[in-house]
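Each remark here refers to the structure printed beneath this line.
The values are calculated or read from the model by the stated rules, or taken from the named source; none is laboratory data. Because the structure is a prediction, the values reported are computed rather than measured. Positions of Cβ are backbone-derived with ideal geometry, glycine not excepted, and every protein chain shown enters the neighbour counts.
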Amino acid sequence: MLLLLGRDTDTRFLGAIGLYGLAVSAGLFLYELRGIQTCIALRRQAAGLEDALGVPPGQGQFRDRPRAALGGFVGAEGASWEVYLAVLAGWAYLAGLGLGWWHWIPAVYLVLLYLVALGVKWLLPWWRRSGYASARAAWERTWRGQ
(Lines give C-alpha, C1' and ligand atoms only; values in the text may rest on other atoms or scores of the structure.)
Protein backbone atom coordinates (compact mmCIF):
# COMPACT_ATOMS: atom_id res chain seq x y z
CA MET A 1 0.00 0.00 0.00
CA LEU A 2 2.77 2.42 0.88
CA LEU A 3 4.50 1.67 -2.42
CA LEU A 4 1.47 3.09 -4.23
CA LEU A 5 1.81 6.44 -2.51
CA GLY A 6 3.37 9.18 -4.55
CA ARG A 7 4.22 12.80 -3.87
CA ASP A 8 0.76 14.00 -4.85
CA THR A 9 -1.20 11.32 -2.98
CA ASP A 10 -3.95 12.48 -0.66
CA THR A 11 -3.10 11.11 2.81
CA ARG A 12 -6.12 12.52 4.67
CA PHE A 13 -7.64 9.13 5.36
CA LEU A 14 -4.44 7.24 6.20
CA GLY A 15 -4.67 8.25 9.86
CA ALA A 16 -8.13 6.76 10.28
CA ILE A 17 -7.24 3.67 8.25
CA GLY A 18 -4.06 3.15 10.27
CA LEU A 19 -5.82 3.59 13.62
CA TYR A 20 -8.56 1.18 12.57
CA GLY A 21 -5.99 -1.40 11.45
CA LEU A 22 -4.09 -0.88 14.69
CA ALA A 23 -7.21 -1.48 16.80
CA VAL A 24 -8.30 -4.56 14.83
CA SER A 25 -4.80 -6.06 14.90
CA ALA A 26 -4.48 -5.43 18.65
CA GLY A 27 -7.79 -7.21 19.22
CA LEU A 28 -6.73 -10.15 17.07
CA PHE A 29 -3.43 -10.32 18.96
CA LEU A 30 -5.21 -10.50 22.31
CA TYR A 31 -7.54 -13.16 20.92
CA GLU A 32 -4.51 -15.12 19.69
CA LEU A 33 -2.81 -14.92 23.10
CA ARG A 34 -6.00 -16.14 24.77
CA GLY A 35 -6.13 -19.07 22.33
CA ILE A 36 -2.53 -19.92 23.19
CA GLN A 37 -3.40 -19.87 26.91
CA THR A 38 -6.26 -22.29 26.26
CA CYS A 39 -4.00 -24.52 24.18
CA ILE A 40 -1.37 -24.63 26.94
CA ALA A 41 -4.03 -25.54 29.52
CA LEU A 42 -5.38 -28.31 27.28
CA ARG A 43 -1.87 -29.68 26.73
CA ARG A 44 -1.30 -29.83 30.49
CA GLN A 45 -4.58 -31.68 30.97
CA ALA A 46 -3.71 -34.09 28.16
CA ALA A 47 -0.28 -34.69 29.74
CA GLY A 48 -2.06 -35.59 33.00
CA LEU A 49 -4.24 -38.03 31.11
CA GLU A 50 -1.16 -39.62 29.57
CA ASP A 51 0.25 -40.11 33.06
CA ALA A 52 -3.04 -41.54 34.31
CA LEU A 53 -3.26 -43.93 31.34
CA GLY A 54 0.31 -45.12 31.88
CA VAL A 55 1.77 -43.97 28.57
CA PRO A 56 5.47 -44.96 28.66
CA PRO A 57 8.01 -42.14 29.11
CA GLY A 58 9.19 -40.65 25.83
CA GLN A 59 6.06 -41.69 23.95
CA GLY A 60 3.59 -39.08 25.15
CA GLN A 61 2.38 -36.59 22.57
CA PHE A 62 1.70 -33.94 25.22
CA ARG A 63 3.74 -34.85 28.30
CA ASP A 64 6.99 -35.37 26.36
CA ARG A 65 6.58 -32.44 24.01
CA PRO A 66 9.83 -30.44 23.62
CA ARG A 67 9.84 -27.01 25.19
CA ALA A 68 9.97 -23.96 22.96
CA ALA A 69 13.57 -22.95 22.32
CA LEU A 70 15.17 -19.56 22.97
CA GLY A 71 13.06 -18.79 25.99
CA GLY A 72 9.80 -19.47 24.18
CA PHE A 73 10.53 -17.54 21.00
CA VAL A 74 10.68 -20.64 18.83
CA GLY A 75 7.07 -21.62 19.38
CA ALA A 76 3.52 -20.41 18.83
CA GLU A 77 3.59 -17.65 21.44
CA GLY A 78 6.95 -16.26 20.35
CA ALA A 79 5.89 -16.22 16.72
CA SER A 80 2.67 -14.45 17.66
CA TRP A 81 4.55 -11.74 19.49
CA GLU A 82 6.98 -11.24 16.65
CA VAL A 83 4.39 -11.16 13.86
CA TYR A 84 1.68 -9.16 15.60
CA LEU A 85 4.09 -6.53 16.93
CA ALA A 86 5.43 -6.06 13.41
CA VAL A 87 1.89 -5.72 12.04
CA LEU A 88 0.99 -3.24 14.79
CA ALA A 89 4.11 -1.21 14.00
CA GLY A 90 3.11 -1.16 10.33
CA TRP A 91 -0.39 0.11 11.13
CA ALA A 92 1.06 2.69 13.52
CA TYR A 93 3.38 3.89 10.77
CA LEU A 94 0.47 4.25 8.36
CA ALA A 95 -1.55 6.12 10.99
CA GLY A 96 1.44 8.35 11.62
CA LEU A 97 1.66 9.21 7.94
CA GLY A 98 -1.94 10.34 7.90
CA LEU A 99 -1.85 12.16 11.22
CA GLY A 100 1.51 13.83 10.67
CA TRP A 101 3.29 12.14 13.56
CA TRP A 102 6.51 11.64 11.62
CA HIS A 103 7.03 15.38 11.24
CA TRP A 104 7.97 15.65 14.92
CA ILE A 105 8.75 12.02 15.91
CA PRO A 106 11.34 10.02 13.94
CA ALA A 107 9.68 6.90 12.49
CA VAL A 108 12.72 4.85 13.54
CA TYR A 109 11.27 4.94 17.05
CA LEU A 110 8.72 2.37 15.89
CA VAL A 111 11.55 -0.04 15.14
CA LEU A 112 13.12 0.65 18.52
CA LEU A 113 9.79 0.16 20.28
CA TYR A 114 9.32 -3.14 18.41
CA LEU A 115 12.76 -4.38 19.48
CA VAL A 116 12.26 -3.26 23.09
CA ALA A 117 8.88 -5.01 23.28
CA LEU A 118 10.36 -8.24 21.93
CA GLY A 119 13.29 -7.95 24.33
CA VAL A 120 11.00 -7.42 27.30
CA LYS A 121 8.82 -10.35 26.24
CA TRP A 122 11.88 -12.58 25.93
CA LEU A 123 13.51 -11.47 29.20
CA LEU A 124 10.36 -11.27 31.34
CA PRO A 125 10.07 -15.02 32.07
CA TRP A 126 13.77 -15.14 32.98
CA TRP A 127 13.33 -12.05 35.15
CA ARG A 128 10.39 -13.58 37.01
CA ARG A 129 12.23 -16.80 37.75
CA SER A 130 15.56 -16.91 39.51
CA GLY A 131 17.22 -14.65 36.95
CA TYR A 132 16.31 -11.51 38.81
CA ALA A 133 17.30 -12.92 42.19
CA SER A 134 20.67 -14.17 40.94
CA ALA A 135 21.34 -10.91 39.06
CA ARG A 136 20.43 -8.92 42.15
CA ALA A 137 22.66 -11.09 44.36
CA ALA A 138 25.58 -10.69 41.93
CA TRP A 139 25.05 -6.94 41.89
CA GLU A 140 25.01 -6.75 45.68
CA ARG A 141 28.19 -8.88 45.93
CA THR A 142 29.91 -6.58 43.43
CA TRP A 143 28.64 -3.44 45.16
CA ARG A 144 29.83 -4.63 48.55
CA GLY A 145 33.20 -5.67 47.13
CA GLN A 146 32.84 -9.36 47.96
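A few comments on the model shown:
- Residue within the range 36-50 that is more than 19 Å from Lys121 (Cβ to Cβ), at pLDDT 85 or above and in contact with a Gly (Cβ under 8 Å, 6 or more places away or on another chain) present: yes
- Among the residues of the range 46-60, those identified as out of contact with any helix residue (DSSP H, G or I) (no Cβ under 8 Å at 6 or more places or on another chain) and surrounded by 11 or more Cβ atoms within 10 Å (Cβ to Cβ) are Ala46, Ala47, Gly48, Leu49, Glu50, Asp51, Val55.
- Subset of the range 24-38 (residues that are free of Cβ contacts under 8 Å to residues at least 60 places away in the same chain and surrounded by 12 or more Cβ atoms within 10 Å (Cβ to Cβ)): Val24, Leu28, Phe29, Glu32, Leu33, Gly35, Ile36
- The range 61-77: number of residues that are surrounded by 12 or more Cβ atoms within 10 Å (Cβ to Cβ) and without any contact (Cβ under 8 Å) to a residue 40 or more places away in the chain: 6
- Taking each residue of the range 96-108 that is within 14 Å of Leu22 (Cα to Cα) and looking for partners that are of a type outside the set (A, V, I, L, M) and at pLDDT 90 or above with beta-carbon atoms closer than 9 Å, six or more apart or interchain, yields Gly96/Gly15; Gly96/Gly18; Leu97/Gly15; Leu97/Gly18; Gly98/Gly15; Gly98/Gly18; Leu99/Gly15; Leu99/Gly18.
- In summary, Val116 fulfils each of the numbered conditions (1) more than 24 Å from the chain's Cα centre (by Cα); (2) at pLDDT 80 or above; (3) loosely packed, with under 13 Cβ neighbours inside 10 Å with the single exception of condition (1).
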